[in-house]
Amino acid sequence: MRYGFHSLWEFYKSPKGKKLYRYVMGSVITTIVSFAVLTLIYGVFKWWGAVTSTVIANVIATIPAYYLNRSWTWGKYGRSDVLREITPFWVLSIIGILASIGTAALAAHIGRAEHFDHLVDVVVVNAANLTAYGVLFIGKYLVFNHLFRLNGAPRPLDDESAPSEDVEQSLPRLSLEIPEFVAGTSNLLTEPLYSISMDPVAPTEVAS
């Protein structure tokens with residue numbers, strides 16, 4: 001048991017372990033946002049039905065999910081690439097939303113058939129939404145890992161921030177060499193650059 005915990009702790013301290021932990025925690029935060037929105041608009045205010053409320057809740061939760069996965073989990077900052085990052089992310093999210101639509105419709109059908117109370121119906125719809133999300137959990141991680149790692153260099157995680165020896169060796173080294181003509185300028189301080197003759201000049205005879 002102790003050896004297993006030690007191995008798990010060592011994996012957590014590794015870059016892959018930290019990435020997986022942040023992905024899980026980001027998914028937990030996204031799930032909480034989705035559950036909160038779904039409970040409010042379907043359970044409390046009853047604005048829409050189970051399917052429509054599930055779609056709205058997942059769309060709202062997708063926005064923080066993108067930034068949590070891109071910036072916190074994979075350490076990428078700066079402007080997002082619309083074609084290589086945003087579009088594939090939303091395509092995958094739409095697949096998840098479609099799956100949640102199916103589970104929400106099934107949950108609503110069961111609730112009507114069994115004549116559940118509204119509170120029980122809300123719990124069943126949330127459970128159906130969680131089931132659809134859990135089915136795509138691992139698949140999303142693999143796709144996001146491929147998506148955010150290919151496009152641009154991610155920011156290193158924690159202890160990876162120090163430059164490696166290969167990077168240090170690839171940096172240009174500056175060396176200052178004093179040219180010979182500069183080294184010989186000390187002689188110029190003691191020797192005149194030019195000389196002025198002070199010999200008297202014979203006067204020119206003027207013709208009378």
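Quote the relative contact order of region 69-136 in percent (integer), defining contacts as alpha-carbon pairs under 8 Å separated by 6+ residues.
Details: 28 pairs, mean separation 22.0, N = 68.
So the answer I get is 32 percent.
Tell me, in nm to one decimal, what length is gained between residue 118 and residue 32 on full extension, where the rule is 0.36 nm per residue of separation less the Cα-Cα distance?
Working: separation 86, 0.36 × 86 = 30.96 nm, distance 2.03 nm.
Going from the current span to full extension adds 28.9 nm.
Based on the mean of other beta carbon atoms within 10 Å per residue, what is the order of 74-80, 26-32, most packed first?
Working: 74-80: 14.9, 26-32: 16.4.
Ranking the peptides 74-80, 26-32 by packing returns 26-32, 74-80.
Return the ratio Rg/(2.2 N^0.38 Å) for region 48-125, where Rg is computed over Cα atoms only.
Values: Rg = 16.2 Å, N = 78, 2.2 N^0.38 = 11.5 Å.
For region 48-125, the normalised Cα radius of gyration is 1.40.
Of all the Cα-Cα pairs you can form in region 84-147, what percent are over 13 Å apart? Don't jump to the answer; show the numbers that get you there.
Details: 1288 of 2016 pairs.
That fraction is 64 percent.
At a Förster distance of 41 Å, what's the computed FRET efficiency of residue 83 paired with residue 11, Cβ-Cβ distance as r, to 0.05? Kindly include the intermediate steps, with their values, before the conclusion.
Working: r = 34 Å, r/R0 = 0.84.
For R0 = 41 Å, the calculated efficiency reads 0.75.
Calculate the spin-label point distance for residue 110 paired with residue 72, positioning each point 7 Å from the Cα along the beta-carbon direction, and give it in nanometres.
So the two model labels end up 3.0 nm from each other.
Could you tell me what % of all Cα pairs in region 15-160 have separations over 24 Å? Kindly include the intermediate steps, with their values, before the conclusion.
Details: 3773 of 10585 pairs.
Roughly 36 percent, rounded to a whole number.
Kindly write out, for region 68-82 in residue order, the coupling ³J(HN,Hα) from the Karplus curve 6.51 cos²θ - 1.76 cosθ + 1.60 (θ = phi - 60°), rounded to whole Hz, with x marking Gly and Pro.
Coupling constants for region 68-82: 5, 5, 6, 8, 7, 6, 9, x, 9, 10, x, 5, 7, 7, 5 Hz.
Report the number of Lys pairs in region 15-160 whose alpha-carbons are under 23 Å apart, with separation of 8 or more residues or on distinct chains.
Details: 16/76; 16/140; 18/76; 18/140; 19/76; 19/140; 76/140.
The number of close lysine pairs in region 15-160 is 7.
Rule-based calculations on the coordinates, nothing more; no lab input. Here the structure is a predicted model, which means the values were calculated and not measured. Every residue, glycine among them, receives a Cβ derived from its backbone with ideal geometry; neighbour counts consider all protein chains shown.
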